[in-house]
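For reference, the structure discussed in these notes is given below.
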Amino acid sequence: MTGVPRRVWGATLLSALARQWGALCTLLSLALLARALDAADFGRFTFWLAVLAFLDVLVDCGTSSAAVQQGAGDARDFAAALAAGRRIRAVAALGGAALVGLAASWAGERELVYVCLALLGPSARVAEMSAVAFQRDIAWGKPLLLRALGATLRLGLIAALATRPGLGFGPFLLAHSAALALGNVAVHLAARPRLPAPAAPAPGFLRVAAPLAALGLVQQAYAWADNAFLRAWCGPAELGRYNAAARPFLWLAFFAAFASTSALPWLARAATRAELGRAARALALPLALGAALVAGTLLPWRVELLRLAFGPGFEAGATSLGWLLGALLPIALGATWLTAVIAAGRMRAALAVAALALAVDLAANALLVPRLGAPGAALARLLTEGAVALGALAVLRRIGASPLATPGPFLLAPLGLGLAWAGSQALHGALR
């Protein structure tokens, strides 16, 4: 049977609700800060959010997935994997914070003390390694609830600080990082009853985690490289307008990412039955249709959406948002198909696809940002996500698991996008 199991959609919905709430809290925080900070400081805040997101992946270093793999059976093996993972995370957290802090100091970053303190926040993921116990037991409720509460606390702290005029971006960045750290510590405390007795770190654990770490870091690099290019070429104010457009896009893109992540075990089982291509098609098709309909519906309303969320002055991001909405379709396909490559056990191929996407992203940003500014970065993101989808598709075809053995149904996605855009455009014109 290659129909998507109900539990995959159930896990996706549960994860999506919690993560979407976190993303919504971030979006609401940015909406507040767009009005509380000047354009340059708002751009600096969004830039450092991207840096913290990259550090978060760096600190994880593939340890979560590796610990689940190595500790799936024996409790002592699980304890050894946890100990090794904590050691790797501690080194990555301190090394990453030190390197980025030195780079910020060398670049003369404003509010450096706040920035350096915020960079220590990801070190709480050393304790958060305990959350793997929930993942191992497939018990998602409590950690997701705690993370949702942490996101609410983060929004509350930023809202409280926003009532004080004259603050720069630094206190808000520190509040964001501190709330994330508190959430990670809370998850650790909740997981303690599930933890096995301590054990010595597992030997060779880094070899298991390294490919997963490399894949995650490369993916994070091509997801956030546009921030570095835009800040260098166009300044923090233009970066802030771009990130205002990027936030609704990222919020919408989350569902495809969660669906593919939740489906990984099911796709792996399909691979063992030589049904991976049909399973990947069954998952990708509804995600692609949904992405197309959402993108088509929102395209005519880009200016109004940005004005409503972030206030006057951010309408300039409408062109960027248009390109980013167009990227929702390749994201829906690429997330599923790259996960299918991983499910087939082709980690080297998955890393090659991610490396190709990073090369496309860097080249496109280098060519387009100096000429087009923020819209160039958005177009680069569209090209990058297209490269992921095409690269993953090529790998699946090579291993005899092509999800496009019958491509006809996928043609409904661009058709749906066009029809949704036409209907929404007509409504937009009638209401103006």
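Every number here is computed from the coordinates shown, using simple stated rules; none is lab data. The shown structure was predicted, so the numbers you read here are calculated from the model rather than taken from an experiment. Quick reminder, even Gly has a Cβ in these numbers, built from the backbone with ideal geometry, and neighbours come from all protein chains shown.
Treating each Cα of the chain as one equal point scatterer and applying the Debye formula with no solvent, the log10 of I(q)/I(0) at q = 0.09, 0.10, 0.13, 0.14 Å⁻¹ comes out as -0.57, -0.72, -1.26, -1.47. All Cα-Cα distances of the range 305-432, cut into 10 Å bins from zero to the largest, leave 12, 32, 31, 19, 6, 0 percent in each bin in turn. In vacuum, with every alpha carbon of the range 154-193 counted as one equal point scatterer, what does the Debye formula give for log10 I(q)/I(0) at q = 0.34 Å⁻¹? Two decimals, please. Rounded to two decimals, the profile gives -1.08. Rounded to the nearest 500, what is the chain's calculated 222 nm mean residue ellipticity when only DSSP H runs of at least 4 contribute -39500 (n - 2.57) each, over all residues? The helix contribution divided over the chain gives -27500 deg cm²/dmol.
For the range 185-259, what value does the Rg/Rh ratio take when both radii are computed over Cα atoms and Rh is the Kirkwood radius, given to two decimals? Result for the range 185-259 is an Rg/Rh of 1.16.
Evaluate Rg over Rh across the range 37-203, taking Cα atoms for both radii and Kirkwood's formula for Rh. Value, to two decimals: 1.03.
In terms of its Cα atoms, the range 390-429 spans 48, 18, 6 Å along the principal axes, sorted from long to short. Positive contributions from Lys and Arg (+1) and negative ones from Asp and Glu (-1), summed over other residues with Cβ under 12 Å from the Cβ of residue 306, come out at +2.
Distance from the Cα centroid of the range 82-117 to that of the range 298-343 is 31 Å (rounded to whole angstrom).
Charged neighbours of residue 324, selected by a Cβ distance under 11 Å, balance to +1 (K, R count +1; D, E count -1). Please report the projected area of the range 258-311's Cα convex hull averaged over all directions, in nm². For the range 258-311, the mean projected area of the Cα convex hull comes to 4.6 nm². Using the Karplus relation 6.51 cos²θ - 1.76 cosθ + 1.60 with θ = phi - 60°, the per-residue 3J(HN,Hα) values for the range 291-306 come to 4, 5, 5, 5, 4, x, 5, 8, 3, x, 10, 4, 5, 5, 4, 5 Hz, with x marking Gly and Pro. How high is the relative contact order of the chain? Use alpha-carbon pairs under 8 Å, at least six apart in sequence, and give a whole percent. 22 percent.
Ranked by the mean number of other Cβ atoms within 10 Å of their residues, highest first, the peptides 212-224, 231-243 fall in the order 231-243, 212-224.
Coupling constants for the range 114-120 follow from the phi torsions by the Karplus curve (6.51 cos²θ - 1.76 cosθ + 1.60, θ = phi - 60°), and in residue order they are 4, 4, 5, 5, 5, 5, 7 Hz; glycine and proline get x.
Quick one: putting +1 on the C-beta of Lys and Arg, -1 on the C-beta of Asp and Glu, what dipole do you get for the range 37-203 around its Cα centre, in Debye to the nearest 20? Around 380 debye, computed over the range 37-203.
At a threshold of 8 angstrom on Cα-Cα distance, excluding pairs fewer than six apart, so keeping six or more, what relative contact order does the range 37-203 reach in percent?
On the way: 204 pairs, mean separation 58.6, N = 167.
Value for the range 37-203: 35 percent.
Counting every other Cβ atom within 10 Å of each residue's Cβ, 251, 106, 323 order from fewest to most as 106, 251, 323. Charged neighbours of residue 94, selected by a Cβ distance under 14 Å, balance to +4 (K, R count +1; D, E count -1).
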